[in-house]
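Visitor: Sending over a structure as structure tokens; questions will come in a sec.
The values are calculated or read from the model by the stated rules, or taken from the named source; none is laboratory data. Computed from a prediction, not measured in an experiment: that's the story for all the values here. Using ideal geometry, Cβ is built from the backbone for each residue, glycine included, and neighbour counts are taken over all protein chains shown. The accessibility values were calculated without ligands, DNA or RNA, using every heavy atom of the protein model including side chains. Shrake-Rupley method; radii C 1.70, N 1.55, O 1.52, S 1.80 Å.
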Amino acid sequence: MTSWLIGLAAGFFGGLVGLGGGVIMIPLMVSVLKMNQHSAHGTSLVALVFTGMAGAATYALNGSVDILAAALLASTAIFTARAGARFAHALPEWQLKRAFGGFLVFVSLLLLLKPYLPHLAGLNTLRAEVVVFLLTGIFTGFLSGMMGVGGGTIMVPSMVLLAGFSQYLAQGCSLLAMVPVGIAGALTHWRLGNVNAKILPGLVPGILLGTYLGGSLAHILPEGALRVIFAGVLTWTGARYLRTPRPEPKEVC
């Protein structure tokens with residue numbers, strides 16, 4: 001029941017703001033289910049595959065998915081996701097958390113400043129958009145594999161700020177691209193022993209229901225309000241990561 005509620009909360013948030021919900025799921029799995037950080041990341045990626053499927057379907061029904069953009073994002077991300085998963089397996093947790101926290105705060109500030117930065121939005125050529133999507137996929141895949149998240153933290157701002165996508169369309173594309181990227185990262189984490197398969201039967205149904213509810217609500221809210229919600233959650237999550245304490249050095253006897 002606990003894993004189902006965690007999945008429901010993560011899926012609802014993911015569907016609402018176009019993320020996989022990993023930024024909600026991972027802290028809950030660590031604090032409530034007492035999982036270690038690496039296992040939480042790996043298990044989150046497995047669950048995020050289902051978040052992407054359910055969320056992308058909901059956004060597609062509302063006409064908010066660009067299949068070509070999602071395919072371009074995923075084409076490079078599926079390769080770097082495996083490298084990110086291996087990198088996470090080798091690095092200390094506190095370093096990863098602090099770096100990711102700073103990144104989340106930076107992204108949230110960019111989104112809040114979007115109305116005042118009109119010169120960044122709207123690339124005029126197809127070639128320029130393709131380059132943006134491919135480069136975004138490279139960074140997205142690595143972050144997804146490393147941190148156990150869907151990658152929407154990079155995909156959505158990049159599409160909104162650089163390609164001129166609406167918040168709705170960017171979130172729909174992010175969720176669709178999340179499916180192959182999540183599979184690539186999850187398989188690597190599985191081989192490394194970082195997946196807790198026992199909680200998946202409860203986690204996945206909760207995610208599917210939550211994602212549908214969140215995705216449906218997203219199209220009711222005004223775009224400006226959606227952007228503020230997105231930025232607010234990223235800032236809150238980023239601040240939590242930034243406060244991760246550095247472990248005390250072990251005394252040498």
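Visitor: Please list, ordered by residue number, the helices (runs of 4 or more DSSP H) wholly in the stretch 158-253 having 1 or more residues that are in contact with a Pro (Cβ under 9 Å, 6 or more places away or on another chain) and not small (Gly, Ala, Ser).
Guide: 223-242
Visitor: Could you check the stretch 217-240 and list, in sequence order, the residues that are at pLDDT 80 or above and either touching a Ser or Thr at 6+ places or on another chain (Cβ under 8 Å) or not aliphatic (A, V, I, L, M) (or both)?
Guide: Ala231, Gly232, Thr235, Trp236, Gly238, Arg240
Visitor: Please work out if Val179 is closer than 21 Å to Ile67 by Cβ, buried (at least 24 other Cβ atoms within 10 Å of the Cβ), in contact (Cβ under 8 Å) with a residue 12 or more places away in the chain and within 17 Å of the chain's Cα centre (by Cα).
Guide: On the way: closer than 21 Å to Ile67 by Cβ: yes; buried (at least 24 other Cβ atoms within 10 Å of the Cβ): no; in contact (Cβ under 8 Å) with a residue 12 or more places away in the chain: yes; within 17 Å of the chain's Cα centre (by Cα): yes.
No, not satisfied.
Visitor: Could you please find all residues in the stretch 63-81 being among the hydrophobic types (A, V, I, L, M, F, W, C) and without any contact (Cβ under 8 Å) to a residue 40 or more places away in the chain?
Guide: If the condition is that a residue be among the hydrophobic types (A, V, I, L, M, F, W, C) and without any contact (Cβ under 8 Å) to a residue 40 or more places away in the chain, then Leu68 is the only one that fits.
Visitor: Of all residues in the stretch 50-95, count the ones that are of a type in the set (Phe, Trp, Tyr) and under 14 Å from the mean Cα position of the chain (by Cα).
Guide: Step one: list which residues in the stretch 50-95 are of a type in the set (Phe, Trp, Tyr), which gives 50, 59, 79, 87, 94.
If we keep only those that are under 14 Å from the mean Cα position of the chain (by Cα) too, we end up with 50.
So the answer is 1.
Visitor: Another one. For Val32, which of the numbered conditions (1) in contact with a His (Cβ under 7 Å, 6 or more places away or on another chain); (2) free of Cβ contacts under 8 Å to residues at least 60 places away in the same chain fails to hold?
Guide: (1)
Visitor: Another question, if that's okay. Restricting attention to the stretch 215-246, which residues are of a type in the set (A, V, I, L, M), more than 27 Å from Ala99 (Cα to Cα) and surrounded by 21 or more Cβ atoms within 10 Å (Cβ to Cβ)?
Guide: Hit for the stretch 215-246 is Ala218, nothing else.
Visitor: Hey, among Val65, Val30, which residue is open to solvent by 10 Å² or more (accessible area, probe 1.4 Å) and in a loop (DSSP other than H, G, I, E, B)?
Guide: After ruling out the rest, the residue left standing is Val65.
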